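Colleague: Take this structure, written in structure tokens, and hold onto it; I'll ask about it next.
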Amino acid sequence: MNDEQFKLIVSTIPIGLLLSDQRGRVIFANPKLEELLGFNEGEIEGSLIDNLIPDRYVASHKKLQESYLQLSNPHAMGKGRVLPVLKKNGKEIQVKVGLNTLYFDNGKIIMVSIIEITNEIFRIAAYHDPLTGLPNRNLFFELGKSLHKLSIKNNAQVSVMFIDLDNFKKVNDLYGHAIGDMVLCEVANVLSRCVRKNDIIGRLGGDEFVVYMYDMKSNSKLKKISKKIIASISSIREIKGYEINISASIGAISTRTTALFSLADMIKKADIQMYNAKNTGKGYFCLDEC
């Protein structure tokens with residue numbers, strides 16, 4: 001399939017699509033996107049994607065873009081992130097944005113899918129961490145408390161994992177925060193691959209992550225997942241040509257008597273176990289069974 005055939009196909013897709021080069025300059029926008037944003041045919045082409053983003057989000061968008069482009073093997077962000085974008089008239093709308101890397105004879109192209117969403121969805125999704133796309137502290141607690149109530153009702157066993165990176169400060173000190181941000185994005189990807197589909201992952205800030213695991217029937221399964229996380233994070237050896245040497249310390253609490261603990265209590269107990277793991281040595285897991 002040549003470039004013209006590809007453009008013909010994406011022109012008929014009923015969702016907004018644009019293609020950009022690695023500098024973030026739009027080289028093609030399909031009719032659906034032009035209609036969504038109120039532009040005339042061909043009017044967006046040649047402009048920077050940054051021009052479609054409210055000023056207050058441009059800096060965080062640049063970090064996401066740089067982190068994505070600098071990955072050695074950029075993956076499709078099929079789940080997407082929720083962001084506000086600007087229409088031609090200056091009005092903001094909330095959209096779900098997905099990224100994919102395409103390779104053509106003339107080089108690497110980024111395909112961006114843009115779907116308008118409702119304000120109700122945006123209210124929830126806006127609580128995502130702008131760097132990693134994971135739920136931030138507020139959304140993690142909102143979702144976690146809902147599952148916590150359900151676990152009490154169903155007498156289900158639950159677990160909370162608290163994950164802290166080992167040697168991460170050295171990455172920032174040696175290479176700067178831009179590389180550190182890329183490492184955090186890769187760690188977020190690792191966590192998404194290692195935990196179960198319905199587990200809730202959150203980034204509390206810095207290099208601290210938490211996971212709420214509903215109906216975790218077996219502590220042996222929990223330990224297996226934690227070992228996989230530690231091994232996968234330790235295997236992150238290179239980012240943008242820089243040598244990376246990190247690991248993870250994980251603390252966890254697992255209980256069936258959920259009614260005795262609030263979600264905040266469980267996170268505190270998991271945090272204590274994380275420090276126990278870190279005091280044991282780097283790359284360890286400690287569990288509190290209540």
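Colleague: Please tell me if ARG203 is among the charged types (D, E, K, R), within 22 Å of ARG137 (Cβ to Cβ) and crowded, with 19+ Cβ neighbours inside 10 Å.
Modeller: The answer is yes for ARG203.
Colleague: Looking at (1) in contact with a His (Cβ under 9 Å, 6 or more places away or on another chain); (2) assigned to a helix (DSSP H, G or I); (3) not small (Gly, Ala, Ser), which is the only condition LEU191 fails?
Modeller: (1)
Colleague: Can you find a residue that is touching a Cys at 6+ places or on another chain (Cβ under 7 Å), part of a helix (DSSP H, G or I), free of Cβ contacts under 8 Å to residues at least 40 places away in the same chain and of a type in the set (A, V, I, L, M, F, W, C) anywhere in segment 255-273?
Modeller: For segment 255-273, residues touching a Cys at 6+ places or on another chain (Cβ under 7 Å), part of a helix (DSSP H, G or I), free of Cβ contacts under 8 Å to residues at least 40 places away in the same chain and of a type in the set (A, V, I, L, M, F, W, C): absent.
Colleague: If you don't mind, another one. Sort out which residues of segment 20-38 are touching a helix residue (DSSP H, G or I) at 6+ places or on another chain (Cβ under 8 Å) and among the hydrophobic types (A, V, I, L, M, F, W, C), and write them in order of number.
Modeller: Residues of segment 20-38 that are touching a helix residue (DSSP H, G or I) at 6+ places or on another chain (Cβ under 8 Å), as a first pass: 20, 22, 24-26, 28, 30, 37.
Of everything in segment 20-38, those that are touching a helix residue (DSSP H, G or I) at 6+ places or on another chain (Cβ under 8 Å) and among the hydrophobic types (A, V, I, L, M, F, W, C) turn out to be VAL26, PHE28, LEU37.
Colleague: To continue, here is another question. Considering only residues that are farther than 30 Å from LYS62 by Cβ and either touching a residue at least 24 places away in the same chain (Cβ under 8 Å) or under 23 Å from the mean Cα position of the chain (by Cα) (or both), which ones fall in segment 136-153? Don't jump to the end; show me each part of the working.
Modeller: Let us first name the residues in segment 136-153 that are farther than 30 Å from LYS62 by Cβ, namely 144-153.
Within segment 136-153, GLY144, LYS145, SER146, LEU147, HIS148, LEU150, SER151, ILE152 meet the criteria.
Colleague: While we're on this one: Of the residues that sit in segment 226-254 and are touching a residue at least 60 places away in the same chain (Cβ under 8 Å) and in a helix (DSSP H, G or I), which one is nearest to ASN279 (Cα to Cα)? Please lay out each step first, then the result.
Modeller: Our first condition is that a residue be touching a residue at least 60 places away in the same chain (Cβ under 8 Å); within segment 226-254, this holds for 226, 229, 233, 238-240, 242, 244-254.
With the extra rule that they be in a helix (DSSP H, G or I), the set shrinks to 226, 229, 233.
Numbers: SER226: 17, ILE229: 19, ILE233: 19 Å.
The selected residue is SER226.
Colleague: Quick one: in segment 206-233, which of the residues that are in contact with an Asp or Glu (Cβ under 9 Å, 6 or more places away or on another chain) and surrounded by fewer than 18 Cβ atoms within 10 Å (Cβ to Cβ) is farthest from ALA252 (Cα to Cα)?
Modeller: GLY206
Colleague: Related question: Is it true that ILE239 is among the β-branched types (Val, Ile, Thr) and either in contact with a strand residue (DSSP E or B) (Cβ under 8 Å, 6 or more places away or on another chain) or not assigned by TED's automatic domain parsing to the domain that holds LYS149 (or both)?
Modeller: Values: among the β-branched types (Val, Ile, Thr): yes; either in contact with a strand residue (DSSP E or B) (Cβ under 8 Å, 6 or more places away or on another chain) or not assigned by TED's automatic domain parsing to the domain that holds LYS149 (or both): no.
It is false that ILE239 is among the β-branched types (Val, Ile, Thr) and either in contact with a strand residue (DSSP E or B) (Cβ under 8 Å, 6 or more places away or on another chain) or not assigned by TED's automatic domain parsing to the domain that holds LYS149 (or both).
Colleague: If you don't mind, there's one more thing I want to ask. In the list LYS269, LYS228, LYS217, which residue meets the criterion of being among the charged types (D, E, K, R), modelled with pLDDT of 90 or more and under 16 Å from VAL158 (Cα atoms)? Walk me through how you get there before you give the answer.
Modeller: Working: LYS228 fails: under 16 Å from VAL158 (Cα atoms); LYS217 fails: modelled with pLDDT of 90 or more.
Selected residue: LYS269, the only one of LYS269, LYS228, LYS217 that is among the charged types (D, E, K, R), modelled with pLDDT of 90 or more and under 16 Å from VAL158 (Cα atoms).
The values are calculated or read from the model by the stated rules, or taken from the named source; none is laboratory data. What you see is a predicted model, and the numbers here were worked out from it, not measured in a lab. Neighbour counts are summed over all protein chains in view; Cβ atoms, including those assigned to glycine, are modelled from backbone coordinates with ideal geometry.
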